[in-house]
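All remarks here apply to the structure that follows.
What follows draws every value from the coordinates through simple rules; no lab data is involved. All values reported here derive from a predicted model rather than from experimental measurement. FYI the Cβ positions are ideal-geometry reconstructions off the backbone, even for glycines, and counts take in every protein chain you see.
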Amino acid sequence: MVVIKEIDAPEFGKILTILYGTMGLVFGFFTTIAALMGISIPRKFGIFSLIFGKLAVFSLPIFYGVSGYFIGRIAAGLFNTVIGSKKGFKVEVLR
């Protein structure tokens, strides 16, 4: 058993940035394909046409990556606050 007593918030934010950015790249690819097939939002909707339009392969990874960083920082901070009042969190590591 390993006891996790604290999570480094900036490092956890970086990990989620990579994971969310990769997820945004996959979603952006499929959204761009759909937009090129003619299924898109008209330009009159402003920023939404950029996010869900033909440039989604560029905009979604950035949007997901930035939001993943902040979600990771918040989640690690909440974890540290809750677990700080206890003795830690036990995890079984398989080797």
Query - Charge tally in the Cβ shell below 9 Å around G72, where Lys, Arg are +1 and Asp, Glu are -1, G72 excluded - result: +1
Requested in this report: In whole Hz, with x marking every Gly and Pro, tabulate ³J(HN,Hα) for the stretch 71-82 from phi via Karplus 6.51 cos²θ - 1.76 cosθ + 1.60, θ = phi - 60°.
Outcome: 5, x, 5, 5, 5, 5, x, 5, 4, 5, 5, 6
Report task. Within 10 Å, count the other beta carbons around each residue, average over each peptide in 4-11, 54-61, and list them highest first. Result -> 54-61, 4-11
Query raised in the report: By per-residue mean of other Cβ atoms within 10 Å, what is the highest-first order of 75-83, 26-34?
Result: 26-34, 75-83
Report summary line: Taking Lys and Arg as +1 and Asp and Glu as -1, residues besides F12 with C-beta under 13 Å from its C-beta add up to -1
